[in-house]
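Q: Mind having a look at this structure? Questions to follow.
Read-outs throughout are calculated quantities, based only on the coordinates presented, and are distinct from any laboratory measurement. These figures come from a predicted structure and were not determined experimentally. Here the Cβ positions follow ideal geometry from the backbone for every residue, glycine too, while neighbour counts run over all protein chains shown.
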Amino acid sequence: MRNPKFICFLILLLNATWYQPAGAQSTRTVVAPSSGKGLCSALTPADFKKVGIPVSRLQSANLDNDASAYCIYDSKAGKIEFDIFDPSGDTTEDAKNAQRAALAAIGGKFNPVHLAGADDAQSNSTHPNQGSATIAVRKGRIVFDIGIPAGTKAEQQLQTLAQIVLSRLKQ
């Protein structure tokens, strides 16, 4: 004879082990510092698609060293790039200098943006007549920037993507 309590226990155990509610994630992506190409996993093609930017794949990850990655994505929407420096130096001052260098290299007029979890964030997405929009973010010794095609939704898209990156950085 089968034990009904044992069968109920097994059913509950299987449900707890295998069942996940819709939208639940089984694991959280965490990006380790100095992980080379792994730094690019802080933003996936699926992340870009969620904000309305059609990206098919990571095309290339160019590395200066294991602490810096220049991630280029394939997209019919235009140029999509995510650069990350983790860490960007030994001190917070080094990170501030790295962010200033990134802003200078990108060019254009940047304005401060409030971004939860960031020590500093600046965007040039609200300026007309630009082909691209960029956000540059610093958190501690980490600096990253995201460049997407300019458009009416660019500011919100950039902020959402930056929040995704911040949530994936190893604390």
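Q: Can you give me the long-range amide H partners of Ile142? Hydrogens built in the peptide plane at 1.01 Å from N, cutoff under 5 Å, separation of 5 or more residues or another chain.
A: The answer is Ser88.
Q: May I pose another question? Find, among the trypsin sites (Lys or Arg not before Pro) in segment 50-146, those assigned to loop by DSSP (not H, G, I, E, B) with at most 15 other beta-carbon atoms within 10 angstrom. Please report the intermediate quantities before stating the final value.
A: Working: sites: Lys50, Arg57, Lys76, Lys79, Lys96, Arg100, Lys109, Arg138, Lys139, Arg141; in loops: Lys76, Lys79, Lys109, Arg141.
Answer in residue order: Lys76, Lys79, Lys109.
Q: Okay, next question. Any chance you could run the full-extension gain for Asn97 through Ser167? It's 0.36 nm times the residue separation minus the Cα-Cα distance, nm to one decimal.
A: Details: separation 70, 0.36 × 70 = 25.20 nm, distance 2.32 nm.
Result: 22.9 nm gained on full extension.
Q: Ordered by packing density, taken as the mean number of other Cβ atoms within 10 Å over each peptide's residues, highest first, how do 161-170, 113-122 rank? Intermediate values should be presented prior to the final figure.
A: Values: 161-170: 18.4, 113-122: 16.7.
Top of the packing list down: 161-170, 113-122.
Q: Amide H of Ile80 versus every other amide H placed in the peptide plane: which residues, excluding those fewer than 5 positions away on the same chain, fall under 5 Å?
A: Tyr73
Q: Counting Lys and Arg as +1 and Asp and Glu as -1, each charge on the Cβ, what is the dipole of segment 26-168 about the Cα centre in debye, to the nearest 20?
A: My answer is approximately 500 debye.
Q: Just grab the label-to-label distance for Asp66 and Ala46, each label 7 Å out from Cα along the Cβ direction, in nm (one decimal).
A: 2.7
Q: Hull surface divided by four, with the convex hull built on the Cα atoms of segment 26-168: how many nm²? Working shown, then result.
A: Details: hull surface 32.0 nm².
Dividing the Cα hull surface by four gives the mean projection, 8.0 nm².
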